Amino acid sequence: MFLPAKKILQDALKNGYAVGAFNTSNLETTQAIVNAAAVKKSPLIINISESAIKYAGLLAIISLIKLVAEQGQAKNLPIAIQLDHGKNFDKFPLFIKAGFTSIMIDASRMPYAENASLTKKTVELARKSGVSVQAELGAVPYADEESGFVSWGKIMTDPNLAKKFVEETKVDSLAVAIGNAHGFFKERSDLDFERLRKISKLAKVPLVLHGASDFPADRIKEAIEGGVASFHIDTSLRVAFTEGIREFLAENPAEYDPRLILGYGRQKVQKEIEGKIEIFGSTGKG
Ligand SMILES: [Zn+2]
């Protein structure tokens, strides 16, 4: 059952758990995500980035997700299909028509006024189709772009600005920067939980943390208590998939059946996701 992320996140916030938003760009990862949610009876957000659309094709990846998610145990679970880090507003109508139930507009690298205005435009567009919107305020850095050096103090989300942003844009959920980062950083900042709690209190919308792949369980719990209703998980799935395949080929160097090789990677990704769902506390909530 496909729903806007808004409903899934509000239920999570109200009941003290978080829902994983897992990225896919292919059949095996999609199956791993959906199977893990079905095993754990968990609500689910499936993330597709603009680069994944470029890789797989818009209709191919959306149709694939719909077909996989409408089969078997998963078909009664609340599932949102979410555009991750959408930067091309002009394509949003096409994406919504194709079946996304949630759009993340990422104008976080722009000045405040432009971010707010683009987010507001996206909300107005999405509302017409019952689609929900996530925006980002502050900037969650990328390991590959920033070469490991980040002035954390300058990019973290300002709680008062977050309040203003949500009031101005009417956005449904907000991705925040509190020391989290995409990919694996050598030097991490401490997570600023006091800032997180302030943002949650003032902005009054479900908060989202990106770059949460390597957060230990106690930090995840603290983040959920601080108002986080969703974690975006991509890197650790890539690692599980690739390491699974490396391991399989090391043990079976003569194997050439892609189904066995990719199937082993798929199994590793599913286990990784099941573990995350347990930590997020969304088991049995679907
Ligand atoms: Zn992200």
Exercise. Across region 121-134, in residue order, what do the Karplus-derived ³J(HN,Hα) couplings come to in whole Hz, using 6.51 cos²θ - 1.76 cosθ + 1.60 with θ = phi - 60° and x for Gly and Pro?
Worked result: 4, 5, 4, 4, 5, 5, 4, 4, 10, x, 8, 9, 10, 10
Problem set entry | Helix 58-69 vs. the chain, principal-axis angle (Cα, 0 to 90°, nearest 10) | 70 degrees
Problem set entry | Relative contact order of region 238-286, defined on C-alpha pairs under 8 angstrom at six or more residues apart (%) | 42 percent
Exercise. Taking θ as phi - 60°, what are the ³J(HN,Hα) couplings along region 103-109 by the Karplus curve (6.51, -1.76, 1.60), each to the nearest whole Hz, with x for Gly and Pro?
Worked result: 10, 9, 8, 10, 10, 5, 8
For this session: Select from region 241-286 those GluC sites (Glu not before Pro) which occupy a DSSP coil region and have at most 15 other Cβ atoms within 10 Å, ordered by residue number.
Result: GLU255
Exercise. For the Cα atoms of the chain, what angle does the longest principal axis make with the long axis of helix 159-169, in degrees from 0 to 90, nearest 10?
Worked result: 80 degrees
Exercise. Counting only residues 5 or more places away or on other chains, whose amide H sits under 5 Å from the amide H of VAL19 once H atoms are built in the peptide plane?
Worked result: SER230, PHE231
Exercise. If you wrap a convex hull around the C-alpha atoms of region 91-135 and split its volume per residue, what is the figure in Å³?
Worked result: 57 Å³
For this session: Using only Cα atoms, find the angle between the long axis of helix 27-40 and the longest principal axis of the chain, and express it within 0 to 90 degrees, rounded to the nearest 10.
Result: 80 degrees
For this session: Count neighbours as other Cβ atoms within 10 Å of each site's Cβ, and list the GluC sites (Glu not before Pro) in region 166-220 that are DSSP loop with at most 10 such neighbours.
Result: GLU187
For this session: Over the chain, calculate the relative contact order: mean separation of alpha carbon pairs under 8 Å at least 6 apart, over the residue count, as a percent.
Result: 24 percent
For this session: Name the residues whose placed amide hydrogens come within less than 5 Å of the amide hydrogen of SER42, ignoring near sequence neighbours (fewer than 5 apart) on the same chain.
Result: GLY284, GLY286
Exercise. Can you tell me the Rg and the Dmax, both Å, for the Cα atoms in the chain?
Worked result: 18.1, 60
Problem set entry | Overall form of region 1-119 per C-alpha gyration tensor (a/c, 1.5; a/b vs b/c) | oblate
For this session: Enumerate the calculated ³J(HN,Hα) couplings along region 206-211 in order (Karplus 6.51 cos²θ - 1.76 cosθ + 1.60, θ = phi - 60°), each rounded to whole Hz, writing x wherever the residue is Gly or Pro.
Result: x, 9, 10, 10, 9, x
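Only the coordinates and a few stated rules stand behind these numbers; no lab work does. Every value quoted in this text rests on a predicted model; they were computed, and no experiment measured them. Positions of Cβ are generated from backbone atoms using ideal geometry, with glycine treated the same way; all protein chains shown enter the neighbour counts.
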